[in-house]
Amino acid sequence: MVAGRHKSRTLKRVHKRMPGGSTKLTFQKRKPKSAKCSKCGIELKGIPRLNTAKAKNTAKSKKTVARAYGGVLCANCLRMKLKAQARA
């Protein structure tokens, strides 16, 4: 019987192979959704899928992209935004 704390679907059920050759059902935390561009909705490159506990202990340079609007806009939308600003 599954323990009460594991009945919720917030934990992902994973079958792990044990050293003896048998498999055991383990429960792991789910990864958060990937970061999306705020304008077009495409998945952002270079932004890791970290939960808050792991993100807190990771360097800022590993969590964002080193450019304007890094982690908010994709490269194509950023290029269009900068062109529009230059025209105005």
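Close amide H partners of K36, meaning residues 5 or more places away or on another chain with modelled amide H under 5 Å apart, are L44.
Taking S61, S38, S22 in turn, the Gaussian network model of the chain (Cα-Cα springs below 10 Å) assigns the largest fluctuation to S22.
Which entries in the list K24/K62; K16/K60; K16/K56; K7/K29; K12/K56; K29/K56 go over 24 Å, if you measure between the two C-alpha atoms of each? With Cα atoms farther than 24 Å apart: K24/K62; K16/K60; K16/K56.
The phi-based Karplus calculation (6.51 cos²θ - 1.76 cosθ + 1.60; θ = phi - 60°) puts the 3J(HN,Hα) values of region 47-57 at 10, x, 8, 10, 6, 4, 5, 6, 5, 5, 9 Hz, whole numbers, x for Gly and Pro. Projecting label points 7 angstrom from Cα along Cα→Cβ for K81 and V14 puts them 3.4 nm apart.
Of the listed values [x] 0.96; [y] 1.65; [z] 1.12, identify the label whose number matches Cα Rg over 2.2 N^0.38 Å calculated from this model. Computed from these coordinates, Cα Rg over 2.2 N^0.38 Å corresponds to label [y].
The angle between the Cα long axis of helix 75-87 and the main principal axis of the chain comes to about 20°, on a 0 to 90 degree scale. With a Förster radius of 25 Å applied to the beta-carbon distance between K31 and K56, the computed FRET efficiency rounds to 0.95.
Coordinate-derived values only; no laboratory data. Note that the coordinates shown come from a computational prediction; the quantities given were computed from them, not determined experimentally. So basically every Cβ, Gly included, is an ideal-geometry build from the backbone, and we count neighbours across all protein chains shown.
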